[in-house]
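What follows is calculated from the coordinates using simple rules that are stated; it is not laboratory data. Computed from a predicted structure; not experimentally measured. Cβ: placed from backbone, ideal geometry, glycine included. Neighbour counts: every protein chain shown.
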Amino acid sequence: MPYRTPDAGNPRVRRTRERILAAARELLSEVGPAGLTYSLLAERAGVTRQTLYRHWPARPALLLGLILEGADGGYPEPGADPGAVAAAWLASLRDGLRDPARRIAVLGVAAQADSDPDSAQALGQLTDYGNAALNELLEPSGTTISIDEYALLSGPVLARIFFERRPVTDEFIAVVVAQWLAGPARTIASADVPPPPNG
């Protein structure tokens with residue numbers, strides 16, 4: 001028998017979700033993504049495992065929820081200037097990833113994506129969400145970016161955070177946005193890019 005999906009509009013359901021995500025944030029810093037089990041989380045959050053499965057049928061869905069929900073700080077406003085909107089979006093991405101639990105969750109989903117279909121799906125949803133959210137903010141400018149353009153725009157920020165472990169300054173974001181606005185990448189369609197060689 002499938003689990004009944006909780007009504008996200010119900011205040012009690014929202015409070016339960018918030019309590020679970022707060023417990024998940026705490027546990028991620030203590031045990032990491034591999035140690036974050038539904039049994040441990042249910043105990044810490046004071047809910048049943050069945051409640052967890054109703055909200056998030058698989059652990060990658062929980063991690064995705066943790067990444068996307070409850071972001072601290074302001075969310076960018078839509079605008080007519082694509083450069084300003086893109087810079088505000090990248091700054092909000094940077095600011096959201098200052099949360100250690102969110103960074104751990106992103107790395108946990110990415111680390112399992114090759115071997116776990118649920119993690120691969122969550123990673124794809126994360127990218128699709130980012131692309132769709134940025135396009136919504138860009139709507140007043142008449143600009144729409146493809147998933148490839150989104151990767152080219154957000155990629156330098158993500159590389160700096162996750163691989164280089166260096167600060168993402170406003171100046172760095174300004175350079176990324178200027179290159180995105182001026183570069184030929186704005187006209188490249190996915191079909192025009194040859195696939196990478198195997199291996």
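Charged neighbours of Ala42, selected by a Cβ distance under 13 Å, balance to +4 (K, R count +1; D, E count -1).
The coefficient of translational diffusion for segment 25-115, derived via Stokes-Einstein from the alpha carbon Kirkwood radius under 25 °C and 0.890 mPa s, stands at 168 µm²/s. Considering only Gly96, Gly65, Gly142, the Gaussian network model of the chain with Cα springs below 10 Å gives its largest mean-square fluctuation to Gly142. When each of Glu43, Glu77 is scored by the number of other beta-carbon atoms lying within 10 Å, the sequence from fewest to most is Glu77, Glu43. Normalised by the number of residues in segment 11-57, the average gap of Cα pairs under 8 Å and 6 or more apart makes the relative contact order 34 percent. Convex hull volume per residue, computed on the Cα atoms of segment 82-188, equals 102 Å³. Among residues other than Gly130 with Cβ under 15 Å from its Cβ, the summed charge is -4 (Lys and Arg +1, Asp and Glu -1).
What is the calculated FRET efficiency for Asp114 to Ala80, with r their C-beta to C-beta distance and R₀ = 45 Å, to the nearest 0.05?
Working: r = 41 Å, r/R0 = 0.90.
With R0 = 45 Å, the Cβ-Cβ based efficiency is 0.65.
What base-10 log of the normalised intensity I(q)/I(0) is obtained for the chain from the Debye formula, alpha carbons as equal point scatterers, at q = 0.10, 0.17 Å⁻¹? Debye intensities relative to I(0), on a log10 scale: -0.49, -1.21.
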